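Working notes, beginning with the structure itself.
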Amino acid sequence: MSETPESPIEIIKRGSHHLRGTLAEELASPEPGFTPDSQQLLKPHGLYQQKSRDKTDTAVKGPVLMLRGRIPGGRLSAAQYLAYDALADSYGDGSLRLTTRQSIELHGVLKGNVKEVLQGIQKALLTTQGACGDVVRNVTQAPNPWGRADIAQLEPLADRLSRHFLATSNAYTEIWLDGERVNPDEEREPIYGQLYLPRKFKICLTVTGENLVDLYTNDLGLAATFSAGILDGFFVFVGGGMGMTHNDATTFPRLADPLGWIPVAGLIPLAEAVVGVHRDFGHRAERRHARLKYVVQEKGLDWLRSELESRTSLRFEARELPPWNTCSVLGWLPREGGSWAYGLHTPSGRVASALKQTLRALVAEHDLSVQVSPDQDLILLDIPDQARADIEARLAQAGAKDPDPLERRALACVALPLCGLAITEAERALPDLLSPLRQALVKHGRLDQAPVFRVTGCANGCARPYSAELALVGQAVGKYALYAGGSSQGDRLAVEIRQRLSTTELPELFDRLIGLWAAQGLPSEPFGDFANRLGASALAASLQEASL
Amino acid sequence: MSATFSTEDVQILNEVMAGQRPEEIVAWAVARFGGGLTLASSFGAEDMVVLDLLLAADPQARVFLLDTGRLPQETYDVIEAARQRYGRDFEVFVPNTQALEALLRQQGPNGFYASKENRKGCCHVRKVEPLARALSGAQAWLTGLRRSQSFTRTLLPFIEVDEGHGGILKLNPLAAWSEEQVWAYIRERELPYNALHDKGYPSIGCAPCTRAILPGEEIRAGRWWWEEAEHRECGLHVKDQALNRIQETAS
C-alpha cells in the first residue's frame, strides 16, 4: 500500500495543517470563490463550492456555496429548525433541502456571507463540521414519530458517536467562528491522523426490525437489541456503500455484512476500530476504490472480524437477526404520551416558498421539534391533539399533498443543474418518471403495493438506487439503466436489467414489467421479491419476449 | 471565475463518457451548460460533425469562428455553405486591429516563416487572443479534436479543465473517433465540407501555413510543415502537462 502514489486530494489534506490550508486567507480576499485546492478543504467543514449551471438561472453568476448540517438523527428543536429557516432566507436561495442522511442543506450562499451563516448555526448549538469530506459523516438514526421508548434510547448514542468522530482540529472554530488560534503543530487528531480518512464514512443506528435508515448502505450499521426494555447491545454490519462507475467492473455497490452481536459497552471501541480499519487499510491512491467496502471485499469477513476483535476486547456473538420492516412515518401518527406526530412528504426534500413559510409559522406557534427522515421527509413532533385540525388545514393550503403509495418512498438525487457529476436529470424529472410507472401500477391494480422506486442522475448512487425495488440510474442524457430486485426492507441489492433505456421507452417497459408481476407474482409478493425470484436474466428475457 | 469541476469529477466524467456516443456527449453538454456552451469551429471535417451534432441538440447553440484574415477561400466557401444549410449565422471573432497592425509592421506579411517565435506571435494575434475573447463568459466549449489526429493529441480526454481559459471545461466529443468515422458521418448526412479536404488537406488552418500531405504522412504534417512535429500546435489546444507527459513517454 505504501508504494502506491497518493491521490491529489491526499496530498492536499497532508499539506493542510489539519484542514486549514489557505481557507482563512482566501475567505478574506475579494475573490468570489475559493481556489481548486481549497475547494477540497471546504468539504470537511461541511461546505461545497458550486455554481448554478441552469441555463435559465441568471440570478446568481459565479460560485456559490452549499452548506450541509451535522444533525445526528435529523433531530432539531423548534429554535434550531427556525434558525435554519431564517438563514436560508437571509443568506441562501430561500429554500431548505432535506437530505437522505437526515441533514439540512442551504444552497446559494455567497462566500462573503458564509461566516454569518456558520455563526448563526453555531448560535443554534449546531455545526456543519464533518458533514462532507473524508471523515465520519452525519450519524443517522431510525426516525421516531411514535415516540417509542426503544428508539428514543438511540438518541444519546447517536449524539455521542457524532461527537466522538468530530475532528479535533480547531480549524473550523478559527476560520469561520473567529475563535482563538491554535498552533496546528501542537494539535493532535487521535482518531484521524493528519490524512483523515481515505474517503467518507457513514454510520447509522437503528433498532432491530426497523430499517428506514437503509442500514445496509452504510460503512457501519448498528441495530440495537433490548433486554427488559433497556438497550443492551447491537448487531454490527460493516462495509456497505452505493457508489460505482459505469464501465468499471472494479467498482460496485455493496451491502454491509453482518458480523455478529456486541454488548452496548463495546459501541465506541467497536466504532473506533472500524473507522481505524478504514483509515489504515483504505486505498488512498484511487478515490473511487477508497471506501471501506473495498477493503472488506478484498480481505474478507474472517480477517475483518479478527482485526476488529484484536483492536478491541470484544468478541462478536452469533445471534439470530429478527426480520426487517419499514414502517411509514408519513401522515398522522399517535405518540406515546398522547401527543401526535405528522410526517410531511417533501418531494426530493425541498422546502420552499409557501410550504416553507407555513412550516415556519407552525413550528414557531406550536413550539414543535422536528426530525428529518432518511427518505427526506419532515416529521413534526409533539403536536397537541387540539392543534391537529389547524396544522392539517394550513399545510393543505400551502400546497402539501398526501403522497400516493408510489410517491411515499420515491427518492431522486439532485442531479442537473447543481451536481458536478450528473449525466442526466433525476429530481427535476421525477414527476415525469413516476407518471408512466403510476399508470402501469394503476392498470394492473398494483398501486397499493407500489415498489420502492429511486432515480439518480449518475452511477454514484446518492439516492441509494441499488437497494431499491426498482430504480433508474442515469447513463447518458435521457438514458437510464434499469435496476430491479432490491427489497422494500433495504436488505438486498438490486441488479441491472436493462441498459440505456430512453425515457420514451419507459411507459411500455413499465407496463410490461408491472404486468409480468401482476400475472406471475405470488399472492402478496412484493415487486422486489418477484424480480429477485425471477433473476436478472430471466426478467430481461421475459421483457424481451413480451415485446415480440 | 473559479473551476466548478474537481479533478476527480472530471476523471469520473471521462470514464462515463468513454461509454457514450458523440451525440450523447454533446446532448449532455447542452443539458448541463445551455447558453454557457459554445463551439469554436474551424469548419474543418471534424468541426462540421460537431456542428451538426450540436445544432441537432440545440439549434440556437452558440457557435463562433475565428477569422484570422488569412483563411483559404475554400474555408470561406464552407462557412457560407453551413450558413445556408442551417439557416443561421455564426459569431465571428477577428484579430485585434492594433495588435495586427503592429505584428505586420514588425514581421512583414510573411514573417511567420522566419522563426518559430514569429510564427507563434502571428498565431497569438490571429487566433489565440481572439479565442480567449470568444470564450470569456463561457462555461464550456466544444472542439472537434481527435486522438488520432497527431502525436500531440494521443492522450486527449473527452472532458478536460481548460486552465488556459479560466478553468472552463473543454469537451472533445470526437476524441475516440477515427478519420473514417468522421467521413462516414459527413457522407451519410451529406454535410458541406471544405473542398481542400479533397485535395489532400486533412487539417486546414491559415492559407500560408497549410499544405497538402503525402500518402503516409501524419494528418497534421501539413500544418507549419517547416517546424518540428512537437511544435505544430497553434496554441489553441496546447496543454503543457499533456505534452510533457507524451514527450517523457516517447523518450
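If only one of A:Thr217, A:Thr251 is within 14 Å of chain B (Cβ to nearest Cβ), of a type in the set (Ser, Thr, Tyr) and either closer than 30 Å to A:Arg388 by Cβ or touching a Lys or Arg at 6+ places or on another chain (Cβ under 7 Å) (or both), which one is it?
On the way: A:Thr217 fails: within 14 Å of chain B (Cβ to nearest Cβ).
Step by step, each of A:Thr217, A:Thr251 is checked, and only A:Thr251 is within 14 Å of chain B (Cβ to nearest Cβ), of a type in the set (Ser, Thr, Tyr) and either closer than 30 Å to A:Arg388 by Cβ or touching a Lys or Arg at 6+ places or on another chain (Cβ under 7 Å) (or both).
Regarding A:Asp89, is this residue out of contact with any helix residue (DSSP H, G or I) (no Cβ under 7 Å at 6 or more places or on another chain) and not in a loop (DSSP other than H, G, I, E, B)? Give the steps one after another, and end with the answer.
Values: out of contact with any helix residue (DSSP H, G or I) (no Cβ under 7 Å at 6 or more places or on another chain): yes; not in a loop (DSSP other than H, G, I, E, B): yes.
In short, yes.
For the stretch B:26-61, enumerate the residues that are modelled with pLDDT of 95 or more, within 14 Å of another protein chain (Cβ to nearest Cβ) and under 14 Å from B:Gly144 (Cβ atoms).
Within the stretch B:26-61, B:Val26, B:Thr38, B:Leu53, B:Leu54 qualify.
Residue under question is A:Thr424, and the condition is that it be more than 24 Å from A:Arg288 (Cα to Cα) and within 13 Å of chain B (Cβ to nearest Cβ); does it hold?
It is false that A:Thr424 is more than 24 Å from A:Arg288 (Cα to Cα) and within 13 Å of chain B (Cβ to nearest Cβ).
Which condition does A:Gly209 not pass, out of (1) among the small types (Gly, Ala, Ser); (2) within 21 Å of A:Leu47 (Cα to Cα); (3) touching a residue at least 60 places away in the same chain (Cβ under 8 Å), if it passes all the others?
With (1) among the small types (Gly, Ala, Ser); (2) within 21 Å of A:Leu47 (Cα to Cα); (3) touching a residue at least 60 places away in the same chain (Cβ under 8 Å) applied to A:Gly209, the lone miss is (2).
Strands (runs of 3 or more DSSP E) wholly in the stretch B:81-173 with at least 3 residues that are in contact with a Ser or Thr (Cβ under 8 Å, 6 or more places away or on another chain) and on the phi < 0 side of the Ramachandran plot - which ones?
Where strands (runs of 3 or more DSSP E) fall fully within the stretch B:81-173 and carry at least 3 residues being in contact with a Ser or Thr (Cβ under 8 Å, 6 or more places away or on another chain) and on the phi < 0 side of the Ramachandran plot, they are B:140-142.
Residue check: is A:Arg500 within 13 Å of chain B (Cβ to nearest Cβ) and either assigned to a strand (DSSP E or B) or modelled with pLDDT of 95 or more (or both)? Break it down into steps so the answer makes sense when it comes.
Working: within 13 Å of chain B (Cβ to nearest Cβ): yes; either assigned to a strand (DSSP E or B) or modelled with pLDDT of 95 or more (or both): yes.
Spelling it out, A:Arg500 is indeed within 13 Å of chain B (Cβ to nearest Cβ) and either assigned to a strand (DSSP E or B) or modelled with pLDDT of 95 or more (or both).
Against the definition (of a type outside the set (Gly, Ala, Ser) and in contact (Cβ under 8 Å) with a residue 12 or more places away in the chain), how does B:Leu155 come out, yes or no?
When the stated conditions are applied, B:Leu155 passes them.
Suppose we filter A:Leu434, A:Leu472, A:Leu441, A:Leu430 for residues that are touching an Asp or Glu at 6+ places or on another chain (Cβ under 8 Å), aliphatic (A, V, I, L, M) and either away from chain B (no Cβ under 14 Å) or crowded, with 20+ Cβ neighbours inside 10 Å (or both); which single one remains?
Among A:Leu434, A:Leu472, A:Leu441, A:Leu430, only A:Leu434 is touching an Asp or Glu at 6+ places or on another chain (Cβ under 8 Å), aliphatic (A, V, I, L, M) and either away from chain B (no Cβ under 14 Å) or crowded, with 20+ Cβ neighbours inside 10 Å (or both).
Any idea which of B:Glu117, B:Glu101, B:Glu91 is more than 14 Å from every other protein chain (Cβ to nearest Cβ), at pLDDT below 95 and surrounded by fewer than 17 Cβ atoms within 10 Å (Cβ to Cβ)? Working first, answer last.
Values: B:Glu101 fails: at pLDDT below 95; B:Glu91 fails: at pLDDT below 95.
The match here is B:Glu117.
When you scan the stretch A:224-234, do you find a residue that is in contact (Cβ under 8 Å) with a residue 24 or more places away in the chain, of a type in the set (S, T, N, Q), part of a loop (DSSP other than H, G, I, E, B) and in contact with a strand residue (DSSP E or B) (Cβ under 6 Å, 6 or more places away or on another chain), even just one? Don't jump to the end; show me each part of the working.
Within the stretch A:224-234, the first condition is being in contact (Cβ under 8 Å) with a residue 24 or more places away in the chain, and the residues that meet it are A:224-226, A:229-234.
Of the ones still in play, those that are also of a type in the set (S, T, N, Q) are A:225.
Cutting the leftovers down to part of a loop (DSSP other than H, G, I, E, B) gives us none.
The answer is no, given that none of the residues of the stretch A:224-234 is in contact (Cβ under 8 Å) with a residue 24 or more places away in the chain, of a type in the set (S, T, N, Q), part of a loop (DSSP other than H, G, I, E, B) and in contact with a strand residue (DSSP E or B) (Cβ under 6 Å, 6 or more places away or on another chain).
Within the group A:Gln122, A:Gln194, which residue is surrounded by fewer than 21 Cβ atoms within 10 Å (Cβ to Cβ) and touching a Leu at 6+ places or on another chain (Cβ under 6 Å)? Spell out how you get there, then give the answer.
Details: A:Gln194 fails: touching a Leu at 6+ places or on another chain (Cβ under 6 Å).
It is A:Gln122.
When the residues of the stretch A:294-323 are narrowed to those that are charged (D, E, K, R) and part of a loop (DSSP other than H, G, I, E, B), which ends up surrounded by the fewest Cβ atoms within 10 Å (Cβ to Cβ)?
So, considering only residues that are charged (D, E, K, R) and part of a loop (DSSP other than H, G, I, E, B), the one surrounded by the fewest Cβ atoms within 10 Å (Cβ to Cβ) is A:Glu320.
The values are calculated or read from the model by the stated rules, or taken from the named source; none is laboratory data. Please read all numbers here as calculations on a predicted model, not as lab measurements. With ideal geometry, Cβ positions are generated from the backbone for all residues, glycine too; neighbour counts draw on all protein chains shown.
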